[in-house]
Amino acid sequence: MDERLRKIINDSKNVVFFGGAGVSTESNIPDFRSEEGLYNAKNKYGLSPEEMISHSFYLKNTETFFKYYKENLIYREAEPNKAHIALAKLEEEGKVKAVITQNIDGLHQLAGSKKVHELHGSVHRNYCTECDSFYDLEFIMDEKNCESHIPICPKCGGIIKPDVVLYEEPLRESVINEAVMAIMNADTLIIGGTSLVVYPAAGLITYFKGKNLVLINKSKTPYDNRADLVINDNIGKVMGD
Ligand code: ZN
């Protein structure tokens, strides 16, 4: 781990980590909003990724929604990287009190983190829109359980919808509240893998009243001048070993 970061963590009692897409890209999960993702979506479907995974598109073109979703947002072979592993270990040691993530891949939990606030939900939770029955990722990815890519509840015939916040859908209030509380109680906030320009990241940061603000991102962010430590590098490299 970066020595400056290690010193800050050692001197802290309540560390909260807020992570963006950059945390997952290091586990080889491409950011579907990246230029390449944008190009792929436009090329194949004539729409932007944001349009493809919007609530209205889900309602109108459910079949194409699921096709795109399964092709572009699901990476079942992905494994936690050094950043996920370091955060899980720091939680076990009592340093990290919460992880707040914009990612939907569940890699923090796979690494062993317990207190994870998933702002955009998780691909691992899926619920029948009719009877609310739970289904895991394996179930909805198995085409045997689907009708033209659309997962169908065997109990009632309803459509199974991923517990992922789509564009046009509001974030879940309870999750935001938990994230805000965690940030308000933190003495150190580490923000990694996000350029902090998109909602809700930029808004959440204003709740932080603690001592150390650490920004780890490959490129500059609008908050660099407010931070106590800025590291422009890969998050796995900064937090690992
Ligand atoms: Zn059902």
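Structural remarks
- Rolling a 1.4 Å probe over the heavy atoms of the protein chains gives the stretch 55-129 an accessible area of 44 Å² per residue.
- The convex hull built on the alpha-carbon positions of the stretch 158-241 has an orientation-averaged projected area of 7.5 nm².
- Overall dimensions of the chain by Cα: Rg and Dmax, Å: 18.5, 56
- Extension gain for Val197-Glu79 works out to 39.8 nm (0.36 nm per residue, less the C-alpha to C-alpha distance).
- Binning the alpha carbon pair distances of the stretch 31-74 at 5 angstrom intervals from zero yields the distribution 5, 26, 38, 23, 7, 0, expressed in whole percent.
- Within the listed set Ser122, Ser113, Ser148, the Gaussian network model of the chain (springs between alpha-carbon atoms below 10 Å) gives the highest mean-square fluctuation for Ser148.
- Alpha-carbon centroid distance for the pair the stretch 66-111 / the stretch 14-52, whole angstrom: 15
- Under 17 Å of direct C-alpha separation, and excluding same-chain neighbours fewer than eight residues apart, Lys218 reaches these lysines: Lys82, Lys237.
- Over the chain: helical MRE at 222 nm, DSSP H runs n ≥ 4 each giving -39500 (n - 2.57), nearest 500: -9500 deg cm²/dmol
- When the Cα positions of Leu213, His55, Tyr199 are compared along the charge dipole of the chain, Leu213 comes out farthest toward the positive end, with charges on each C-beta of Lys, Arg, Asp and Glu.
- Protein heavy-atom surface of the chain, 1.4 angstrom probe: 50% of the accessible area is carbon and sulfur, with nucleic acids and ligands not counted.
- Alpha carbon convex hull of the stretch 196-240, projected area averaged over orientations, nm²: 3.4
- Between helix 82-92 and the chain: long-axis angle, C-alpha atoms, 0 to 90°, nearest 10: 70
- Per residue, the average separation of C-alpha pairs within less than 8 Å and at least 6 apart gives the stretch 28-69 a relative contact order of 24 percent.
- Counting only DSSP beta bridges whose two residues both lie in the chain, roughly 30 percent are antiparallel.
- Sites Asn43 and Glu169, calculated FRET efficiency, Cβ-Cβ separation with R0 30 Å, nearest 0.05: 0.70
- Short to long, the 10 Å bins of the Cα pair-distance histogram for the stretch 136-200 hold 16, 30, 26, 21, 8 percent of all pairs.
- Gained length - Tyr207 relative to Lys89, 0.36 nm times residue gap less alpha-carbon distance: 39.9 nm
- Reachable aspartates and glutamates, given that their alpha-carbon falls under 17 Å from the alpha-carbon of Lys211 and they are not under 8 places away in the same chain: Asp11, Asp187, Asp224, Asp228
- About its Cα centre, the chain has a charge dipole of approximately 620 debye under the convention of +1 per Lys or Arg Cβ and -1 per Asp or Glu Cβ, with nothing else charged.
- Within the same chain, lysines fewer than 8 places from Lys60 are excluded, and of the rest, those with a Cα less than 16 Å from its Cα are Lys161.
- Theoretical FRET efficiency, 1/(1+(r/R0)^6), r = Cβ-Cβ of Ile150 and Lys218, R0 35 Å, to 0.05: 0.40
The values are calculated or read from the model by the stated rules, or taken from the named source; none is laboratory data. All values reported here derive from a predicted model rather than from experimental measurement. Cβ sites come from the backbone with ideal geometry, for glycine too, and all protein chains shown count toward neighbours. Just the protein is used for accessible areas: all its heavy atoms, side chains included, with ligands, DNA and RNA removed. Shrake-Rupley method; radii C 1.70, N 1.55, O 1.52, S 1.80 Å.
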